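Encoded as structure tokens, the structure appears first; notes follow it.
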Amino acid sequence: MAPNLWQIFITFFKIGLFTFGGGGVLIAWIENELVQKKNWLQDKDFLDYYAIAQCTPGIIAINVATLVGYHVRQKIGAATATIAVILPSVIIITLIAAFLQNLTDNPLIAHAFNGIRAAVVAIIAGVVVAMLRKNVKDCGGWFIFVSAFLLLLFFACSPFLMILYGCVLGLLYQKIYLARRRKE
């Protein structure tokens, strides 16, 4: 059964409210909330939507929210999820701009954000390990993963190019794999 609009709104509002560190952290929230807890998405759908969100212009969190909202409730779901994921940032930034002009000069706030950034890196690392376990299952997948990781590490390629690279290598691997199976 599809979630109602209020459930979509609350879920994406929470995601928008607690997603520190950008789109990478969004992976953990979406995987936990929408795949594990609510069963609105399958792992495959989640990865597909995240890949599309990486390739399209704009903020990853908004792109993912729009795609997932559309998946569960079509256009009205997309609009609801998009508004909900944006709203916490709008509220928080407005309050910060209005009341706390010298926020970054406060040493306590600066230290708190240093700690938050370190925790965000741990969250992203945990999600990467979980995604590897679920999705990289054969030699071809490991080759694509390792080679893409090395390209990112040494050449800082764009996410779009990495996804395109993975797509081309995945198609080539499948073609070679199928050709070998026909010969056997």
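The values are calculated or read from the model by the stated rules, or taken from the named source; none is laboratory data. Quick caveat, the model's predicted, so the values are computed rather than measured. Neighbour counts are summed over all protein chains in view; Cβ atoms, including those assigned to glycine, are modelled from backbone coordinates with ideal geometry.
Taking ALA110, is it modelled with pLDDT of 85 or more and either basic (Lys, Arg) or surrounded by fewer than 16 Cβ atoms within 10 Å (Cβ to Cβ) (or both)? Steps first, please.
On the way: modelled with pLDDT of 85 or more: no; either basic (Lys, Arg) or surrounded by fewer than 16 Cβ atoms within 10 Å (Cβ to Cβ) (or both): yes.
No: the conditions fail for ALA110.
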For segment 150-170, which positions are loosely packed, with under 14 Cβ neighbours inside 10 Å and over 15 Å from ALA51 (Cβ atoms)? LEU150, LEU153, PHE154, PHE155, ALA156
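Give the number of residues within segment 87-99 that are modelled with pLDDT under 95 and either surrounded by 15 or more Cβ atoms within 10 Å (Cβ to Cβ) or among the aromatic types (Phe, Trp, Tyr) (or both). First the steps, then the outcome.
Filtering segment 87-99 down to residues modelled with pLDDT under 95 leaves 88-99.
From what's left, either surrounded by 15 or more Cβ atoms within 10 Å (Cβ to Cβ) or among the aromatic types (Phe, Trp, Tyr) (or both): 88-89, 99.
The total comes to 3.
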Consider only pairs whose beta carbons are under 6 Å apart and that are at least six residues apart or on different chains; among these, list those whose first residue lies in segment 130-146 and is among the β-branched types (Val, Ile, Thr) and whose second residue is not in a helix (DSSP H, G or I). none
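Which one is nearest to the chain's Cα centre (by Cα), of the residues in segment 43-86 that are among the polar types (S, T, N, Q), over 18 Å from GLN7 (Cβ atoms) and surrounded by fewer than 21 Cβ atoms within 10 Å (Cβ to Cβ)? Let's see the steps before the verdict.
Initial filter on segment 43-86 (among the polar types (S, T, N, Q)): 54, 56, 63, 66, 74, 80, 82.
Those still in the list that are over 18 Å from GLN7 (Cβ atoms) too: 54, 56, 63.
Next cut, surrounded by fewer than 21 Cβ atoms within 10 Å (Cβ to Cβ) only: 54, 56.
Details: GLN54: 8, THR56: 13 Å.
For segment 43-86, the residue satisfying everything is GLN54.
I'd like the residue in segment 15-32 that is at pLDDT 85 or above and touching a helix residue (DSSP H, G or I) at 6+ places or on another chain (Cβ under 6 Å) and, out of all such residues, is nearest to ILE116 (Cα to Cα). Break it down into steps so the answer makes sense when it comes.
Let us first name the residues in segment 15-32 that are at pLDDT 85 or above, namely 15-17, 32.
Right, trim to touching a helix residue (DSSP H, G or I) at 6+ places or on another chain (Cβ under 6 Å) and you get 15-17.
Numbers: ILE15: 16, GLY16: 16, LEU17: 14 Å.
The selected residue is LEU17.
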